[in-house]
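Here is the structure we will look at, set down as structure tokens.
Just so it is clear, none of the values below were taken in a lab; they were calculated from the coordinates. Here the structure is a predicted model, which is why all the values come from computation and not from measurement. Counting neighbours? That spans all protein chains shown, and the Cβs are built from the backbone with ideal geometry, glycine included.
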Amino acid sequence: MTLVMEGIALDDPLRPFIEEKMTAATSRGRLRPTAARVAFTDENGPKGGPGIRCALTADLPRRPAVHASGLGETPRLAFDSAYEALEHELARERQRRRDVARRPKKYFVAEQGHLPDGEAGLPPVRRRRRSA
């Protein structure tokens, strides 16, 4: 996975922490991201207040990119809130894929409509052959 960081110095001590957390977050799912982007921007300049925004984007193969952002007073707090939102989005994507895979297919549902009431939920009875 290619990790691109913007808006943070090359020698910032937060950089290894970000690399470790992003690798951990993106290695859980079945689809491994091809690229990830971490961008820090100062929303309100020298005014002060919670003005640092961290935007995280993960590019998944054959899926739309997953994006999350967070706001905080320091880059670490902004990253933590964005990371939490990204984990939530990735979990939702995994759950969505799981639900689609478990949905009954149309031929199964059509077959269930032909059965009399009460038999739809029961599996077919399997008879074993007995050898003589």
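Listed values, structure above:
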quantity: In the range 14-52, residue surrounded by the fewest Cβ atoms within 10 Å (Cβ to Cβ) [restricted to those that are touching a residue at least 40 places away in the same chain (Cβ under 8 Å) and in a loop (DSSP other than H, G, I, E, B)]; calculated: ARG30
quantity: Looking only at the range 65-84, and only at residues there that are of a type in the set (A, V, I, L, M) and surrounded by fewer than 16 Cβ atoms within 10 Å (Cβ to Cβ), the one that is nearest to GLU19 (Cα to Cα); calculated: LEU77
